[in-house]
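One structure below.
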Amino acid sequence: MRAALKHRRLIGPVVLIVPLLLTLPAQNGARAEQQAAPKATRTIVPLPPSRSLSASQLAGKKLFVQRCSVCHLPGLPSYSTYGPPLDGKLVASRGEAAIRELILHGSARMPGWQYALKPEEINEIIGYLQTLNFTTNE
Ligand code: HEC
(Lines give C-alpha, C1' and ligand atoms only; values in the text may rest on other atoms or scores of the structure.)
Protein backbone atom coordinates (compact mmCIF):
# COMPACT_ATOMS: atom_id res chain seq x y z
CA MET A 1 0.00 0.00 0.00
CA ARG A 2 2.71 2.43 1.07
CA ALA A 3 4.88 1.54 -1.89
CA ALA A 4 2.02 2.24 -4.29
CA LEU A 5 1.53 5.70 -2.77
CA LYS A 6 5.22 6.47 -3.19
CA HIS A 7 4.95 5.63 -6.87
CA ARG A 8 2.04 8.00 -7.29
CA ARG A 9 4.02 10.83 -5.76
CA LEU A 10 6.81 10.17 -8.20
CA ILE A 11 4.58 10.17 -11.28
CA GLY A 12 3.78 13.91 -10.99
CA PRO A 13 7.37 15.18 -11.35
CA VAL A 14 8.20 12.55 -13.97
CA VAL A 15 5.26 13.68 -16.11
CA LEU A 16 6.59 17.24 -15.89
CA ILE A 17 10.26 16.49 -16.47
CA VAL A 18 10.06 14.06 -19.41
CA PRO A 19 8.55 16.53 -21.93
CA LEU A 20 11.07 19.13 -20.75
CA LEU A 21 13.98 16.77 -21.42
CA LEU A 22 12.55 15.94 -24.82
CA THR A 23 12.44 19.60 -25.90
CA LEU A 24 16.04 20.34 -24.84
CA PRO A 25 17.85 18.63 -27.74
CA ALA A 26 15.40 20.23 -30.19
CA GLN A 27 16.29 23.69 -28.90
CA ASN A 28 20.00 22.99 -29.13
CA GLY A 29 19.55 21.81 -32.70
CA ALA A 30 17.80 25.05 -33.65
CA ARG A 31 20.60 27.08 -32.10
CA ALA A 32 23.25 25.17 -34.03
CA GLU A 33 21.33 25.84 -37.25
CA GLN A 34 21.21 29.56 -36.54
CA GLN A 35 24.96 29.65 -36.03
CA ALA A 36 25.62 27.75 -39.24
CA ALA A 37 23.52 30.15 -41.38
CA PRO A 38 25.71 32.64 -43.27
CA LYS A 39 25.69 36.11 -41.74
CA ALA A 40 24.25 38.95 -43.79
CA THR A 41 27.18 41.13 -44.81
CA ARG A 42 25.08 44.20 -45.60
CA THR A 43 21.98 45.69 -44.14
CA ILE A 44 19.52 47.96 -45.86
CA VAL A 45 19.96 51.46 -44.58
CA PRO A 46 16.72 53.39 -44.92
CA LEU A 47 16.96 56.18 -47.49
CA PRO A 48 16.15 59.66 -46.17
CA PRO A 49 12.38 60.24 -46.43
CA SER A 50 11.41 62.22 -49.53
CA ARG A 51 9.73 64.97 -47.49
CA SER A 52 13.14 65.82 -45.94
CA LEU A 53 14.60 66.56 -49.42
CA SER A 54 14.67 69.81 -51.38
CA ALA A 55 13.07 69.92 -54.84
CA SER A 56 16.43 69.48 -56.57
CA GLN A 57 17.51 66.62 -54.25
CA LEU A 58 14.18 64.96 -54.96
CA ALA A 59 14.77 65.29 -58.71
CA GLY A 60 18.20 63.74 -58.10
CA LYS A 61 16.62 60.86 -56.19
CA LYS A 62 14.24 60.15 -59.05
CA LEU A 63 17.11 60.04 -61.55
CA PHE A 64 19.29 57.98 -59.20
CA VAL A 65 16.56 55.40 -58.66
CA GLN A 66 15.86 55.20 -62.41
CA ARG A 67 19.40 55.17 -63.77
CA CYS A 68 21.81 54.13 -61.03
CA SER A 69 20.05 52.06 -58.36
CA VAL A 70 20.25 48.82 -60.36
CA CYS A 71 24.01 48.79 -59.69
CA HIS A 72 24.35 51.03 -56.64
CA LEU A 73 21.52 50.26 -54.19
CA PRO A 74 21.28 46.92 -52.37
CA GLY A 75 17.82 45.48 -53.05
CA LEU A 76 17.84 42.90 -50.26
CA PRO A 77 19.86 42.30 -47.09
CA SER A 78 23.00 40.31 -47.92
CA TYR A 79 22.60 41.23 -51.60
CA SER A 80 25.77 42.84 -52.85
CA THR A 81 25.54 45.51 -55.50
CA TYR A 82 27.55 45.43 -58.75
CA GLY A 83 28.87 48.94 -58.06
CA PRO A 84 29.93 50.33 -54.67
CA PRO A 85 27.36 51.94 -52.36
CA LEU A 86 27.42 55.70 -52.96
CA ASP A 87 26.86 58.30 -50.27
CA GLY A 88 27.87 61.73 -48.99
CA LYS A 89 31.14 60.51 -47.46
CA LEU A 90 32.23 59.01 -50.75
CA VAL A 91 31.44 62.22 -52.64
CA ALA A 92 33.41 64.22 -50.05
CA SER A 93 36.42 61.90 -50.16
CA ARG A 94 36.64 61.69 -53.98
CA GLY A 95 35.68 65.33 -54.56
CA GLU A 96 32.67 66.53 -56.55
CA ALA A 97 34.72 67.19 -59.71
CA ALA A 98 36.04 63.61 -59.87
CA ILE A 99 32.58 62.19 -59.19
CA ARG A 100 31.08 64.34 -62.00
CA GLU A 101 33.84 63.21 -64.36
CA LEU A 102 33.17 59.53 -63.64
CA ILE A 103 29.40 59.92 -64.08
CA LEU A 104 29.97 61.68 -67.41
CA HIS A 105 32.49 59.25 -68.88
CA GLY A 106 31.97 56.00 -66.89
CA SER A 107 34.66 53.34 -66.58
CA ALA A 108 35.33 49.85 -67.85
CA ARG A 109 32.50 48.56 -65.66
CA MET A 110 30.19 51.57 -65.50
CA PRO A 111 28.41 53.27 -68.40
CA GLY A 112 29.02 56.99 -68.96
CA TRP A 113 26.06 59.35 -68.91
CA GLN A 114 27.29 62.35 -70.89
CA TYR A 115 24.72 61.85 -73.67
CA ALA A 116 21.90 60.62 -71.44
CA LEU A 117 21.91 63.17 -68.63
CA LYS A 118 22.11 66.98 -68.71
CA PRO A 119 24.85 68.60 -66.55
CA GLU A 120 22.06 69.99 -64.38
CA GLU A 121 20.65 66.48 -63.84
CA ILE A 122 24.08 65.18 -62.85
CA ASN A 123 24.29 67.99 -60.29
CA GLU A 124 20.91 66.93 -58.91
CA ILE A 125 22.11 63.33 -58.60
CA ILE A 126 25.30 64.42 -56.80
CA GLY A 127 23.16 66.60 -54.52
CA TYR A 128 21.04 63.57 -53.70
CA LEU A 129 24.08 61.32 -53.07
CA GLN A 130 25.21 63.87 -50.49
CA THR A 131 22.04 63.20 -48.44
CA LEU A 132 22.85 59.46 -48.17
CA ASN A 133 24.81 57.80 -45.40
CA PHE A 134 25.71 54.15 -45.79
CA THR A 135 28.16 53.93 -42.88
CA THR A 136 26.64 50.68 -41.58
CA ASN A 137 26.87 49.08 -45.03
CA GLU A 138 30.63 48.89 -45.01
C1 HEC B 1 25.89 48.90 -64.93
C2 HEC B 1 26.03 49.23 -63.54
C3 HEC B 1 26.17 50.68 -63.15
C4 HEC B 1 25.28 51.70 -63.37
C5 HEC B 1 23.94 51.64 -64.08
C6 HEC B 1 25.84 52.85 -62.72
N7 HEC B 1 27.04 52.53 -62.15
FE8 HEC B 1 28.21 53.77 -61.06
N9 HEC B 1 29.60 52.32 -60.85
C10 HEC B 1 29.47 51.02 -61.30
C11 HEC B 1 30.66 50.27 -60.96
C12 HEC B 1 30.90 48.80 -61.26
C13 HEC B 1 31.53 51.16 -60.27
C14 HEC B 1 32.91 50.86 -59.69
C15 HEC B 1 33.95 51.58 -60.48
C16 HEC B 1 34.53 50.74 -61.55
O17 HEC B 1 34.55 49.49 -61.46
O18 HEC B 1 35.03 51.31 -62.53
C19 HEC B 1 30.82 52.43 -60.23
C20 HEC B 1 31.33 53.57 -59.62
C21 HEC B 1 30.64 54.74 -59.45
C22 HEC B 1 31.12 55.89 -58.73
C23 HEC B 1 32.50 56.04 -58.08
C24 HEC B 1 32.61 55.29 -56.80
C25 HEC B 1 33.98 55.46 -56.21
O26 HEC B 1 34.33 54.62 -55.37
O27 HEC B 1 34.70 56.39 -56.58
C28 HEC B 1 30.15 56.85 -58.78
C29 HEC B 1 30.17 58.23 -58.17
C30 HEC B 1 29.06 56.29 -59.56
N31 HEC B 1 29.39 55.00 -59.94
C32 HEC B 1 27.89 56.96 -59.84
C33 HEC B 1 26.88 56.47 -60.64
C34 HEC B 1 25.71 57.23 -61.00
C35 HEC B 1 25.40 58.62 -60.52
C36 HEC B 1 24.97 56.43 -61.81
C37 HEC B 1 23.65 56.75 -62.49
C38 HEC B 1 23.60 57.93 -63.32
C39 HEC B 1 25.67 55.16 -61.95
N40 HEC B 1 26.83 55.22 -61.22
C41 HEC B 1 25.22 54.08 -62.69
C42 HEC B 1 28.39 50.48 -61.98
C43 HEC B 1 27.28 51.21 -62.39
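The values are calculated or read from the model by the stated rules, or taken from the named source; none is laboratory data. This is a predicted model, so every value here is computed, not measured. Counting neighbours? That spans all protein chains shown, and the Cβs are built from the backbone with ideal geometry, glycine included.
The figures follow:
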{"item": "Single residue of region 91-122 satisfying the filter (more than 11 Å from the ligand (Cβ to nearest atom) and not charged (D, E, K, R)) that is surrounded by the fewest Cβ atoms within 10 Å (Cβ to Cβ)", "result": "Y115"}
{"item": "Where a residue in region 100-127 is in the same structural domain as Q66 (by TED's automatic domain parsing) and its partner, wherever it lies, is of a type in the set (S, T, Y), with Cβ under 8 Å and at least six apart", "result": "R109/Y82; N123/S56; E124/S56; G127/S54; G127/S56"}
{"item": "Some residue of region 74-83 being assigned by TED's automatic domain parsing to the domain that holds R109 and under 14 Å from T131 (Cα atoms)", "result": "no"}
{"item": "Test: residue in region 107-124 that is over 21 Å from L53 (Cβ atoms) and modelled with pLDDT under 95", "result": "no"}
{"item": "Residue, surrounded by the most Cβ atoms within 10 Å (Cβ to Cβ), within region 56-90, restricted to residues that are more than 11 Å from the ligand (Cβ to nearest atom) and assigned to a helix (DSSP H, G or I)", "result": "K61"}
